[in-house]
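Chemist: What follows is a single structure, and I will ask about it in a moment.
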Amino acid sequence: RKIIFEKQWFYLDNAIGHTYGTTFEVTSGGNLQPKQEVEESTTETKEAGTDNRNIVDDGKSQKLTHDDIKALKDKGIKGQEIVQQLIENSTTFRDKTEFAQDKYIKKKKKKYEAVITIVKPSTRILSTMYYAREPGKINHLRYDTLAQMLTLGNIRAGNKMIVMETCAGLVLGAVMERMGGYGSIIQMYPGGGPVRAATSCFGFPKPFFDNLHEFPLSKVDSLLSGTFSTETLPSEPEENVLVEEESNGLTDEKQISLQEIEEESTTETAMEINQTEEQDTMDINAEDVEFKENKEKENKDNVREKQRKQWERRKKLIETAALLTQKNADG
């Protein structure tokens with residue numbers, strides 16, 4: 001899928017197989033290409049001014065227009081060359097101080113050189129990113145505060161932890177990272193289900209989620225008073241019943257379709273003049289029967305899948321309730 005990040009779009013397909021920390025260049029069509037390290041030549045001495053007092057920022061110093069830059073991009077000219085052209089076409093660049101020149105180059109490189117480094121996700125990176133970009137989603141939780149919480153909570157492998165947060169799953173992910181897949185975590189959540197948008201960004205392996213449980217806050221009272229029940233969900237998946245019904249239904253339909261085809265073929269032999277018409281009718285009937293069979297099979301599969309998921313949810317909820325009733329969480 002297309003990734004859009006800081007006004008830049010690209011596809012990650014070419015990144016597969018490379019190590020974390022690899023720097024890529026975005027080529028035309030949004031494809032990534034590993035960036036070749038180019039040593040910057042420091043032999044030529046820069047021509048710089050002594051101060052910036054005579055420079056007027058009136059927007060007229062750059063000879064290249066937006067259309068010229070767009071034309072260069074369309075030709076497939078790399079960002080490095082575009083930056084070089086911008087420097088050459090700037091009337092005030094030589095008058096700027098060396099510091100101002102470096103600042104100008106850095107700013108233009110960021111705008112025109114599409115370079116991306118892919119790093120391994122971690123609590124530090126994700127909390128820094130969320131705090132800088134979408135602080136509202138994590139309740140403005142600072143990364144040093146999160147570090148304090150992890151330390152004071154004594155979070156380590158093999159613990160039994162209860163996590164209650166409304167920070168898009170960032171705190172949960174941080175706890176999971178510290179525990180490294182060992183121990184058990186119960187996530188308490190308000191509303192219809194747990195939010196784990198940030199947790200999915202960590203890219204944890206599947207075993208990390210095997211010991212992750214969730215429990216709704218709305219059922220805590222009933223658990224404490226001993227009236228907790230999961231009667232609203234089915235007790236076990238009713239697969240056997242559905243399979244029997246399905247097999248009976250299909251055999252009947254198959255018999256009907258065979259009879260229809262036999263009748264069609266008899267008529268076809270008797271009336272050779274209408275051969276093509278009969279052939280068409282037979283095809284349509286066979287297609288109808290096949291379509292009905294597929295549709296019914298699909299519906300039954302959907303029902304069975306839904307029942308299986310509900311049963312699994314109920315089973316997991318009972319397991320979580322049992323873990324909570326022990327009242328021996330480490331934090």
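The values are calculated or read from the model by the stated rules, or taken from the named source; none is laboratory data. Note that the structure is predicted; figures quoted are calculated from it, not measured. Every residue, glycine as well, gets a Cβ built from its backbone with ideal geometry; the counts of neighbours run over all protein chains shown. Protein only, heavy atoms only, side chains kept; ligands, DNA and RNA dropped before computing areas. Shrake-Rupley method; radii C 1.70, N 1.55, O 1.52, S 1.80 Å.
Chemist: Which value results for Rg/Rh of the stretch 155-234 when Rg is the Cα radius of gyration and Rh the Kirkwood radius based on the inverse mean 1/r?
Modeler: 1.00
Chemist: Each residue of the stretch 176-182 in order: what ³J(HN,Hα) in whole Hz does its phi give by Karplus 6.51 cos²θ - 1.76 cosθ + 1.60, θ = phi - 60°, with x for Gly and Pro?
Modeler: Listing the rounded values in order: 4, 5, 4, 7, x, x, 10 Hz.
Chemist: Viscosity 1.567 mPa s, temperature 4 °C: what is the translational diffusion coefficient of the stretch 79-232 from Stokes-Einstein with a Kirkwood Rh over Cα pairs, rounded to a whole number of µm²/s?
Modeler: Result for D is 68 µm²/s.
Chemist: A further question on this structure: Taking a threshold of 23 Å on the Cα-Cα distance, which of the pairs Lys35/Lys107; Lys111/Lys137; Lys2/Lys206 fall above it?
Modeler: Result: Lys111/Lys137; Lys2/Lys206 exceed 23 Å.
Chemist: Same structure again: Can you work out the accessible area per residue across the stretch 155-234, with the rest of the protein chains kept in place, probe 1.4 Å, in square angstrom?
Modeler: Roughly 48 Å² per residue, with all protein chains present.
Chemist: I would also like to ask the following. Which FRET efficiency value, to the nearest 0.05, is calculated for Asn328 and Thr151 with the Förster distance at 22 angstrom and r the Cβ-Cβ distance?
Modeler: 0.50
Chemist: By accessible area of protein heavy atoms, probe 1.4 Å, what ranking do Tyr20, Tyr112 get, highest first?
Modeler: Order by accessible area, largest first: Tyr20, Tyr112.
Chemist: Can you work out the FRET efficiency for the pair Lys109 and His140, with r the C-beta to C-beta distance and R0 = 41 Å, to the nearest 0.05?
Modeler: That gives a FRET efficiency of 0.80.
Chemist: Give me the accessible area of Ser184, 1.4 Å probe, in Å² rounded to the nearest 10.
Modeler: Looks like 20 Å² after rounding.
Chemist: At a 1.4 Å probe radius, carbon and sulfur cover how many percent of the accessible area of the stretch 155-234?
Modeler: That share works out to 56 percent.
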